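This report refers to the structure that appears directly beneath it.
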Amino acid sequence: MWRKGWREHIWSAIDQPWDLIIIGGGITGAGVLRQAVAARLKTLLVEANDFASGTSSRSSKLIHGGFRYLRNKQINVTKESVREREWMLREAPDLVTPLSFLLPNFERYHSPSWKLGLGVMIYDLLAPKWNHRKCSPAKLLEACPFLNAGGLVGGFQYYDAVMDDARLLLRILREAVQAGGAALSYTRAERLLRTGDGQVCGVLLRDNLSPDGRMVEVKAKVVVNASGAWSDEVRSQLGQPARLRRLRGSHLVFGRAKLPVSQALTLFHPRDGRAMFVIPWEGATIIGTTDIDHDPALDKKYLEPFASEEEIRYMMEALSFMFPSLGLSEKDIVSSFSGLRPVIHTGAATPSKESRAHALWEENELITITGGKYTTFRVMSRQTINSVLARLGKPQMVTHQRIFDPLPDLSSFSPEPLSIAYLAGRHGNETARLLAAAKQGELEPIGQLPNVWAELRWAAREEGVEHLDDLLLRRVRLGLLLPLGASELLGRIRTIVQPELEWSDERWQQEEAAYLQTWQKYYSPTPDSGRRGLRSN
Ligand SMILES: Cc1cc2nc3c(=O)[nH]c(=O)nc-3n(C[C@H](O)[C@H](O)[C@H](O)COP(=O)(O)OP(=O)(O)OC[C@H]3O[C@@H](n4cnc5c(N)ncnc54)[C@H](O)[C@@H]3O)c2cc1C
């Protein structure tokens, strides 16, 4: 669908009048595009970098009610979130899958069991779904033999859901484009255009891939600002004061052999009691997240957020407490990743006490939708599109509008050991074409990962890959899941994708060098080491 020449095709007709321009290609912008297309609005989404390259590829990968929000008494956020979780489990079952969580209770938590039990019970009541149970210490140790037995007083098992954030977004975006929307990556909304009386009426766009940085003024009846943690930058052009508290959250990735968990675990950090998760994901295990104020000075110096040494220490401390017998050290970390939460600033004393509710503001006819969670993207996008429709004098959206296209019948495909369901969840109605495009041996899995080689060919051919990091960090997640950013596989990856991308040998070498540098700076196990002297928050 995003075949060679797709960007030029959109750019060649970009200066037509649009009903709606969306700034930001994260999950919020993608959700708004999906709903805008359903409402038959002529819509263009622009993303300054790669689709999903902001926070929406750096989450904890959970579609969840947020057990920790219950602890903070943010019951409405939890209620809305568990309902959205249930909807996604029904509508996108191969993309969003149930995940069992163990919630062990330790003497040192000083938290009576009835209190944790009440939490999981309220969680289920909000769904509504009765899906939790009490566990004895023996049951917990049977489910997770490496769990710290010292002071373990029992606990609970409950359910949430897990997904691949970048892939979920790409599926929504692709289906929106197939249904008539336009989405451009590497296109920055440089400046808002305004009428004589100051109302927003379009954007000045810059092509971040063209060597001369071509720019064009594009008019739209409505502009939506869905630029996540960068929303205040866009609003500041209207003289509006900052309203976000940008909180950084980091994760560490471990090989499953080093950190072998078959269910997720919720823990409370021994230092400050913050809730954190250990999650089995895509054949690996991730731990996260931290939650700290992000120093704006870092943005001036670095292109992407990264985990500081202190954050890594903090997460390793949590692992030593939970799994002392595993003797994990920083040498076992495969990669790390960090994202910026766009949280509405309410003045809470600590980052984790800030509400995760979303907000919609209309300022000089610019609609900004921000805050919230990945899990609540549908609620956020529906509210946004209804504001757009009200502005255009059109009827409101119906609430049962489909977001995901139904999956095609793939029963005639059974190439073992390939998991058709896994591919179908990610690629939806393109799955049969992906399978047909595979060359010999490309339906084999990549090592221990659930991915197959054919996904690389397909992404290079059809998924708008402009740089090697788009492919290895977001279309497939090899850069996060394999040691050294999957550098040992680059030879075979090159054989598959270089002809599809029509890159010369020189271009390949530049891309490879740039990718490895990006990985080292922002995704390596300890990206902050070697940056001593810089403030670590
Ligand atoms: C560490 C962490 C863990 C999380 N875990 C979870 C979780 O498990 N479950 C959950 O539900 N939520 C989770 N969240 C929250 C969730 O990830 C975010 O709420 C969500 O991804 C935000 O999406 P967004 O589209 O609003 O922002 P983004 O994904 O950041 O998208 C905004 C986009 O706008 C682009 N942009 C900015 N300025 C411009 C411009 N001028 N022109 C064009 N484009 C521009 C950016 O490049 C960016 O790609 C987590 C967040 C963090 C940080």
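Electrostatic bookkeeping for Glu91 treats Lys and Arg as +1 and Asp and Glu as -1; over the other residues with beta carbon under 13 Å from its beta carbon, the sum is +2. What is the local net charge at Arg171, summed over the other residues whose Cβ is closer than 12 Å to its Cβ (Lys, Arg +1; Asp, Glu -1)? Result for the neighbourhood of Arg171: -3. Near the amide H of Val334, within less than 5 Å, lie the amide hydrogens of Val253, Phe254, Gly255, all on another chain or at least 5 residues away, with H placed in the peptide plane. Relative to the longest principal axis of the Cα atoms of the chain, the long axis of helix 309-322 lies at roughly 40 degrees. Put a dot 7 Å past the Cα of His345, heading toward its Cβ, do the same for Glu142, and the two dots end up 5.2 nm apart. Set Lys and Arg Cβ to +1 and Asp and Glu Cβ to -1, take the dipole of region 335-466 about its Cα centre, and tell me which of Thr370, Ile420, Ala437 lies farthest positive. Result: Thr370. Our coupling estimate for region 155-167, obtained by passing each phi through the Karplus curve with A = 6.51, B = -1.76, C = 1.60 and θ = phi - 60°, is x, 9, 10, 9, 10, 9, 9, 10, 7, 10, 4, 5, 6 Hz, Gly and Pro reported as x. Just so you know, the Rg over Rh for region 326-420 is 1.16, from Cα atoms, with Rh as the Kirkwood radius. Scalar couplings 3J(HN,Hα) for region 444-449, obtained by applying the Karplus form with A = 6.51, B = -1.76, C = 1.60 to θ = phi - 60°, are 7, x, 7, x, 8, 7 Hz; x denotes Gly and Pro.
Sort Asp94, Asp470 by accessible area with a 1.4 Å probe, largest first.
Numbers: Asp94 55, Asp470 0 Å².
Result, largest first: Asp94, Asp470.
Between the helical axis of 505-518 and the longest alpha-carbon principal axis of the chain there is an angle of about 50 degrees. When only alpha carbons are used to place a centre, region 242-284 and region 30-100 end up 19 Å from one another. The fraction of accessible area contributed by carbon and sulfur in region 354-493 is 51 percent, rounded to a whole number (1.4 Å probe; ligands and nucleic acids excluded). So what does log10 I(q)/I(0) come out to for the chain at q = 0.13 Å⁻¹, using the Debye formula with one equal point on every Cα and no solvent? Values returned for q = 0.13 Å⁻¹ are -1.43. Of the chymotrypsin sites (Phe, Trp or Tyr not before Pro) in region 62-132, the ones in a loop by DSSP (not H, G, I, E or B) with at most 13 other beta carbons within 10 Å are Trp130.
Here the Karplus relation 6.51 cos²θ - 1.76 cosθ + 1.60, evaluated at θ = phi - 60°, turns the backbone of region 339-350 into coupling constants of x, 10, 7, x, 9, 6, 6, 10, x, 4, 5, 10 Hz, with x for every Gly and Pro. Using Cα atoms only, what is the angle between the long axis of helix 113-126 and the major principal axis of the chain, expressed in degrees (0 to 90) to the nearest 10? Taking the Cα atoms of the chain, the angle to 113-126 is about 30 degrees.
Compared with the rule-of-thumb size 2.2 N^0.38 Å for a compact globular protein, region 273-355 has a Cα radius of gyration ratio of 1.23.
Considering only Val253, Val343, Leu328, and ranking their Cα positions along the charge dipole of region 232-372 that arises from unit charges at the beta-carbon of Lys, Arg, Asp and Glu, the one farthest toward the positive end is Leu328. In this rough spin-label picture, where each label sits 7 Å from Cα along the Cβ direction, the Ser419-Val153 distance is 3.7 nm. Which lysines have a Cα lying under 21 Å from the Cα of Lys439, excluding residues fewer than 8 positions away in the same chain? Correct list for Lys439: Lys4.
I want to verify the translational diffusion coefficient of region 159-254 in µm²/s; compute it with Stokes-Einstein, Rh as the Kirkwood radius over Cα pairs, at 10 °C and 1.306 mPa s. Estimated via Stokes-Einstein, D reaches 96 µm²/s. Within the chain, antiparallel bridges make up roughly 75 percent of the DSSP beta bridges whose residues both belong there.
For the chain, what does the accessible surface come to per residue with a 1.4 Å probe? Please give it in Å². It would help to have the intermediate numbers written out before the result.
On the way: 20970 Å² over 537 residues.
Dividing the accessible area of the chain by its residue count gives 39 Å².
Mean residue ellipticity, 222 nm, helices only, the chain: the sum of -39500 (n - 2.57) across DSSP H runs of n ≥ 4, divided by residue count and rounded to 500, is -9500 deg cm²/dmol. Which lysines have a Cα less than 17 Å from the Cα of Lys115, not counting those fewer than 8 places away in the same chain? Leaving aside lysines fewer than 8 places away in the same chain, those within reach of Lys115 are Lys73, Lys134. Calculate the dipole size of the chain relative to its Cα centre from +1 charges on Lys and Arg beta carbons and -1 charges on Asp and Glu beta carbons; express the result in debye to the nearest 20. Computed charge dipole of the chain: roughly 1440 debye. Think of each Lys and Arg Cβ as +1 and each Asp and Glu Cβ as -1; about the Cα centre, that makes the dipole of region 101-187 roughly 140 debye. Share of carbon and sulfur in the accessible area of region 268-331 stands at 55%, probe radius 1.4 Å. Proximity of backbone amide H atoms, modeled 1.01 Å from N, is registered between Leu193 and Cys201, Gly202, Val203, Leu204 at under 5 Å, excluding neighbours fewer than 5 places apart on the same chain. Between amide H atoms placed 1.01 Å from N, distances below 5 Å from Val452 occur with Ile446, all of them 5 or more places distant or on a separate chain. Distance from the C-alpha centroid of region 390-464 to that of region 115-161: 34 Å, rounded to the whole angstrom.
The values are calculated or read from the model by the stated rules, or taken from the named source; none is laboratory data. Keep in mind that what you see is a predicted model, and the values were worked out from it rather than measured. Using ideal geometry, Cβ is built from the backbone for each residue, glycine included, and neighbour counts are taken over all protein chains shown. Surface accessibility is based on the protein's heavy atoms, side chains included, excluding ligands, DNA and RNA. Shrake-Rupley method; radii C 1.70, N 1.55, O 1.52, S 1.80 Å.
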